[in-house]
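Engineer: Have a look at this one.
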Amino acid sequence: MSNRTRELIYVICLTGFITITFAFGRYIFSMITPDIVSSLNIDYEFVGRINACHQAAYLLFSLLGGILCSYISVKFLISSSVILCGISVFVLAFVNNPWLLLVIVTLQGIFAATSWIPMVEFVAKNIQEDNRGKSLGIISSGTSFGLILNGFLIPYILTNDTWQTVWFVFGIISLLLGAVGVYWIYKLKSAPDLQIKKVNKKAEYETENVALGNDASGKYIKYYIILVALLILSGLYLIPFQSYIVPLMQEDLGLNEQMSGLAWSIFGFVGIFSGFIAGVFADKYSAKRAMIIAYGISILSIASVVFIHNGAAALFACFIFGLTYNGIFGLHPTYVARVLPPEKTAKLFGLMNLSLGVGSMIGNYAGGYIKKMTGSFSLAYQLMLVMSILTVLICIFIKSDRNEEVPLYGKNRLESNQDSV
């Protein structure tokens, strides 16, 4: 089997895994919440508790997932997380106890984190660098593929049956899709480490020692801090933009549900392609340059909502935001995979994912609080605009992930022999 075919199969399998753990494991609950509330006689305070536990579990294991990669096979960690998530989705079809529902949905947050974080290391070891950006872009779009399926099937199922049937149907889909993916992941032989070539190791370390000067570890920590700051800011505005765009359209702009539904559909559909487009650009030029452009486009999206208050501007904002959203989240792991050796990517990406989650929790709460205090989302989106500008400035100062003059593998890594994550 050729390397190209093997890489294609890996990408298809990993995309399916993201569909299971994120589109099904993380987002089905929010789509059927009203039916669950009325059926189990719980209130939205309890729903908030479930969502908080799920998010907390996801954040915690975003960090722990990177650490686990040092002790557990990446293949096993990804595969077991996907299968366990499929089982959890299926089991929810038979749950009628609110507290058991809370426990299982919380576990789904763990499975999402421990499937996604190790994928960065897996891709770094099994996908050639020239294809890595495109691959991670497609993989990160797995959520969009799943959300489209959710949008078609869930309303139909709820019209004809109960919310338990939703879990049952998607549980079967998850287990079948997961089993096929795990089979192929284990059937294919892993490629040799595609990032580090022994013949270049000596030159690589010499280059880094020159680049980092006498304070290599200090420079190393500096870039970690910059990346963490970038992800916190991303969480502060990217996630709240998505969370509050529909309420803003309906309550602030006075648009109807059909218009806001159209905007959401545009966002989801465009998101399918954004990851691939960003990945192609990252492979051709650099992930740093692609991030600058993607974050820059997000400024245009938010500005159109802040300065132009009509339906056309809102639709345009969702279209532009869809172009950047999945693309940005695919570029983060692409960048990490290029500046660190494979065995260290999961740890840094776990820390970055944790930072993103912390930012999103603060941003979502702040957006709701601003709406409550001012009666409008206007100030919240103005603050998002400021943060989007800051992310572009940060991207300008991060280390390039590709030497444009002499593209040697490992040339732009942030490590030396003494460095550790």
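The values are calculated or read from the model by the stated rules, or taken from the named source; none is laboratory data. This structure is a prediction, so every number in the text was calculated from the model and none was measured. Positions of Cβ are backbone-derived with ideal geometry, glycine not excepted, and every protein chain shown enters the neighbour counts.
Okay, residues lined up against (1) more than 17 Å from residue 175 (Cα to Cα); (2) in contact (Cβ under 8 Å) with a residue 12 or more places away in the chain; (3) among the β-branched types (Val, Ile, Thr):
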site: 57; (1), (2), (3): yes, yes, no
site: 64; (1), (2), (3): yes, yes, no
site: 70; (1), (2), (3): yes, yes, no
site: 84; (1), (2), (3): no, yes, no
site: 91; (1), (2), (3): no, yes, yes
site: 113; (1), (2), (3): yes, yes, no
site: 116; (1), (2), (3): yes, yes, no
site: 119; (1), (2), (3): yes, yes, no
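Engineer: Okay, next question. If we scan region 283-294, do we find a residue that is in a helix (DSSP H, G or I) and aromatic (Phe, Trp, Tyr)?
Structural biologist: So in region 283-294, the residues in a helix (DSSP H, G or I) come out as 283-284, 287-294.
Narrowing the set further to residues that are aromatic (Phe, Trp, Tyr) leaves none.
No, there is no match, as no residue in region 283-294 is in a helix (DSSP H, G or I) and aromatic (Phe, Trp, Tyr).
Engineer: If you don't mind, another one. So which residues in region 263-295 are among the small types (Gly, Ala, Ser) and crowded, with 19+ Cβ neighbours inside 10 Å, if there are any at all?
Structural biologist: Keep residues of region 263-295 that are among the small types (Gly, Ala, Ser), which gives 263, 265, 268, 271, 274-275, 278-279, 282, 286-287, 290, 294.
Across region 263-295, the qualifying residues are 263, 268, 271, 274, 275, 278, 279, 282, 286, 287, 290, 294.
Engineer: Another one. Would you confirm whether or not region 189-208 contains a residue that is at pLDDT 60 or above and surrounded by fewer than 13 Cβ atoms within 10 Å (Cβ to Cβ)?
Structural biologist: Yes: one or more hits.
Engineer: Hey, residue 161 hits all of (1) in contact (Cβ under 8 Å) with a residue 12 or more places away in the chain; (2) under 27 Å from residue 38 (Cβ atoms) but one; which does it fall short on?
Structural biologist: (1)
Engineer: Does region 323-343 contain at least one residue that is assigned to a helix (DSSP H, G or I) and surrounded by fewer than 16 Cβ atoms within 10 Å (Cβ to Cβ)? Step through it out loud before you land on a result.
Structural biologist: Step one: of region 323-343, the residues assigned to a helix (DSSP H, G or I) are 323-339, 342-343.
Still in the list and also surrounded by fewer than 16 Cβ atoms within 10 Å (Cβ to Cβ): none.
Scanning region 323-343 turns up no residue that is assigned to a helix (DSSP H, G or I) and surrounded by fewer than 16 Cβ atoms within 10 Å (Cβ to Cβ).
Engineer: While we're looking at this one, here's another question. So in region 146-156, with the set limited to residues that are in contact (Cβ under 8 Å) with a residue 12 or more places away in the chain and surrounded by fewer than 18 Cβ atoms within 10 Å (Cβ to Cβ), which one is farthest from the chain's Cα centre (by Cα)?
Structural biologist: 153
Engineer: Restricting attention to region 5-28, which residues are over 21 Å from the mean Cα position of the chain (by Cα) and either outside any helix (DSSP H, G or I) or free of Cβ contacts under 8 Å to residues at least 12 places away in the same chain (or both)?
Structural biologist: 5
Engineer: Collect the residues in region 53-76 that are outside any helix (DSSP H, G or I) and crowded, with 23+ Cβ neighbours inside 10 Å, keeping them in residue-number order.
Structural biologist: Taking region 53-76 first, the residues outside any helix (DSSP H, G or I) are 69-73.
69, the sole residue that qualifies.
Engineer: Would you mind finding the one in 180, 169 that is in contact (Cβ under 8 Å) with a residue 12 or more places away in the chain and surrounded by fewer than 15 Cβ atoms within 10 Å (Cβ to Cβ)? Reasoning before the result, please.
Structural biologist: On the way: 169 fails: surrounded by fewer than 15 Cβ atoms within 10 Å (Cβ to Cβ).
After applying the criteria, what remains is 180.
Engineer: Any residue in region 374-381 that is modelled with pLDDT under 80 and either crowded, with 16+ Cβ neighbours inside 10 Å or farther than 20 Å from residue 299 by Cβ (or both)?
Structural biologist: Here is the first cut: in region 374-381, the residues modelled with pLDDT under 80 are none.
No, the conditions are met nowhere in region 374-381.
Engineer: I'd like to verify a number: residues in region 33-43 that are without any contact (Cβ under 8 Å) to a residue 24 or more places away in the chain and surrounded by 12 or more Cβ atoms within 10 Å (Cβ to Cβ), how many? Break it down into steps so the answer makes sense when it comes.
Structural biologist: If we filter region 33-43 for residues that are without any contact (Cβ under 8 Å) to a residue 24 or more places away in the chain, which is where we start, we get 33-34, 37-38, 41, 43.
Now restrict to residues that are surrounded by 12 or more Cβ atoms within 10 Å (Cβ to Cβ): 33-34, 37.
The total comes to 3.
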